[in-house]
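One structure is given below, encoded as structure tokens.
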Amino acid sequence: MINITLPDGSVKTFNEGVTPMDVALDISEGLARNVISAKFNDQIVETVTPLEQDGSLTLYTWRDELGKKAFWHSSSHVVAQALEELYPGIKLTIGPAIENGFYYDVDFGEHNISEKDFPEIEKRAIEITRGKHPYKMREVTKKDALDYYKKQGNEYKVELISNLEDGTITFCDHDSFTDLCRGGHIPNTGYIKALKLLSVAGAYWRGDEQNPQLTRVYGISFPKQKELTEYLELLEEAKKRDHRKLGKELELFTFSQKVGQGLPLWLPKGAALRERLEQFLKKAQKKAGYEMVISPHIGQKDLYVTSGHYAKYGEDSFQPIHTPKEDEEFLLKPMNCPHHCEIYNAKPFSYRELPKRYAEFGTVYRYEQSGELHGLTRVRGFTQDDAHIFCTQEQLDQEFKNVIDLSLYVLGSLGFDHFTAQVSVRDLDKPEKYIGAVENWEKAEQAIINAAEEKGLDFKVVAGEAAFYGPKLDFMVKDALGRNWQLGTIQVDYNLPERFDLTYKGSDNELHRPVMIHRAPFGSMERFVALLLEHTGGNFPLWLTPEQAIILPVSEKHEKYAEKVLKSIENNEIRALIDARNETVGKKIREAEMNKIPFMLIVGENEEAEGTISVRRHGGEDIGNISLDDFADLVETEINSTLKTF
């Protein structure tokens, strides 16, 4: 007999060899119908895997992240089978689950594939799923595995197997299809009721540009057709909200091949929007005791060698700048923190002067691969709303909680109301990834967990996601389309103070190391604006939007009154402009709607006679004729309802 511990802490006793599906059936038939994957003693297993020892078991359904992962990985096998049948002689490589769906990288050889081929592939894939073929795992010797794929002429699988140890190699079979696979599948193909291929793209084998280019086929699948339909509708909405499309339509930013890939140019409206975001955060930071600093866009290479950034990221940075002076090298700044360490080092500090909170909207540069660049979300030059707090060990807990409060204020004021937190800690199995003493890591990790608990955050701890110099807390935000984004980060760092020999004089008159907190509520201005664009669909909060109102004179003879209206509302700090073109009011309204201007103020003969404005809200609501004072009150009330108090 073996003891199986369930997530709620309860323990059930079963005969040795019981499967996760047997356990699910023992709990309830309803659960068994929905279970699609399982984890036993932190190892993903099949629902039919015999359990031979005591251990902890977690059962996953479609509602669970790991359940979806098993579902989508299983679907990639089905698509791979369909591709092999339809395109004989192709070479399969890898087919993992991703955040939404799956992909399979394929060497198609002489075959060409495009989106016009998707219907035929999907049709065959669904035919396969209807066979309800079980997924069966089996162990294979390294020799047999190599022989199998050498016979096929698949050098990619041979390379993968060559790096594996004998006794750790498994194949997965379903129907007539076999694939090299570590496992993690749904019980059978019949669980897949709806499947859609989404796109094709190029991908280098193992992500290396020196390797052959493969074709990556992206897809997604669901246990119900209705869920696929809803997802495709969501994709269409996402296309409408694409920040690259909206950024162009709203004239916020652009890119130029002459300037360089991944280097955004902010147009006047976008620059004004960025400035308002900066002023919003600067005002809150001033209340929280931050001091603004400015650091240069470059630094000597030795600065980043000292910080550890060069060793970790040097290959991904722009190449060093060589000056006329022999052996003098500079780098475009990849991080602001080394500069802030040197600002702290500019004078000695006493414990009475701490904490010191230095903030900067600092532009940094990283040489992202051209294939990874994507609008504003992945660029080569971006501005971080960076700040670094230097404090004593005793101040760390309160300072960290203060930064959480500031981050929550930022998210709330910009309409990001649904979020969770992630505490990113070390991967204990890969200590070589990190710098600094284990003792300091343990203190830092515990400090973040304590602060998250005390602030009542909904958080989870994830191993292996820490920065190389310290653990961090990230806010994972759900946008209006239900997508999750990482927005804002807070990190605890004992290592840079050590590397830069930062000190303060304590109450004992001895020198001590400060603790360093890195924080960036926006993360980067570029990425934040992109996500805000897609979250709001370009309908920014009223306090942030480039133009809050547009005045539409009915005819040329009402332009003087329009100018009087403009002056009046500008005196109330309302951003507005006049559309005095010789066009119909209807056309002006349609264009104002397209430009997502919150209020349209129509002025004609009646309005001029009464000293009023006819107000129409973006989206079509007719507010009617009101006085200029009432309109100013309306704008102020709406701004106050969205802009939180800090």
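The values are calculated or read from the model by the stated rules, or taken from the named source; none is laboratory data. The model shown is predicted, which means the values in this text are computed figures rather than measured ones. Ideal geometry is used to build each Cβ from the backbone, glycine not excepted, and the neighbour counts take in all protein chains shown.
At-a-glance table
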quantity	calculated
Hits in segment 319-352 (condition: under 30 Å from ASP508 (Cβ atoms) and polar (S, T, N, Q))	ASN345, SER350
Test: residue in segment 572-591 that is modelled with pLDDT under 95, assigned to a helix (DSSP H, G or I) and among the acidic types (Asp, Glu)	yes
Selection from segment 225-257 of residues that are of a type outside the set (Asp, Glu), surrounded by fewer than 13 Cβ atoms within 10 Å (Cβ to Cβ) and closer than 29 Å to PRO268 by Cα	LYS239, LYS240, SER256, GLN257
Residue identified as under 26 Å from the mean Cα position of the chain (by Cα) and surrounded by 15 or more Cβ atoms within 10 Å (Cβ to Cβ) among GLY436, GLY464, GLY523	GLY523
Subset tally (residues that are more than 15 Å from THR363 (Cβ to Cβ) and either outside any helix (DSSP H, G or I) or of a type outside the set (A, V, I, L, M) (or both)) for segment 271-291	12
Residue tally, condition crowded, with 22+ Cβ neighbours inside 10 Å and closer than 22 Å to SER641 by Cβ, over segment 532-541	4
Residues (touching a Ser or Thr at 6+ places or on another chain (Cβ under 9 Å) and part of a loop (DSSP other than H, G, I, E, B)) located in segment 359-374	ARG366, TYR367
Residues satisfying the stated conditions in segment 299-320, i.e. of a type in the set (A, V, I, L, M) and surrounded by fewer than 13 Cβ atoms within 10 Å (Cβ to Cβ)	ALA311
Residues of segment 93-116 classified as at positive phi and under 27 Å from the mean Cα position of the chain (by Cα), total	1
Test: residue in segment 26-44 that is of a type in the set (S, T, N, Q) and part of a loop (DSSP other than H, G, I, E, B)	yes
Considering residues of segment 476-496 that are more than 24 Å from HIS309 (Cα to Cα) and in a strand (DSSP E or B) only, the residue nearest to the chain's Cα centre (by Cα)	TRP485
THR377 vs. criteria assigned by TED's automatic domain parsing to the domain that holds MET525, among the β-branched types (Val, Ile, Thr), in contact (Cβ under 8 Å) with a residue 60 or more places away in the chain and in contact with a Ser or Thr (Cβ under 6 Å, 6 or more places away or on another chain)	no
Residue among ASP42, ASP107, ASP147 that is within 24 Å of SER162 (Cα to Cα), surrounded by fewer than 17 Cβ atoms within 10 Å (Cβ to Cβ) and not aliphatic (A, V, I, L, M)	ASP147
Subset of segment 55-92 that is part of a loop (DSSP other than H, G, I, E, B) and under 27 Å from the mean Cα position of the chain (by Cα) - its residue that is surrounded by the fewest Cβ atoms within 10 Å (Cβ to Cβ)	ARG63
Among (1) at pLDDT below 90; (2) basic (Lys, Arg); (3) more than 21 Å from VAL515 (Cα to Cα), the one test that LYS460 misses	(1)
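Results for (1) in contact (Cβ under 8 Å) with a residue 60 or more places away in the chain; (2) within 28 Å of TYR409 (Cα to Cα); (3) outside the structural domain of LYS286 (by TED's automatic domain parsing), shown as yes or no for each residue.
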| residue | (1), (2), (3) |
| --- | --- |
| PRO553 | no, no, yes |
| ASP579 | no, no, yes |
| MET594 | yes, no, yes |
| VAL603 | no, no, yes |
| ASN606 | no, no, yes |
| GLY611 | no, no, yes |
| HIS618 | yes, yes, yes |
| GLY624 | no, no, yes |
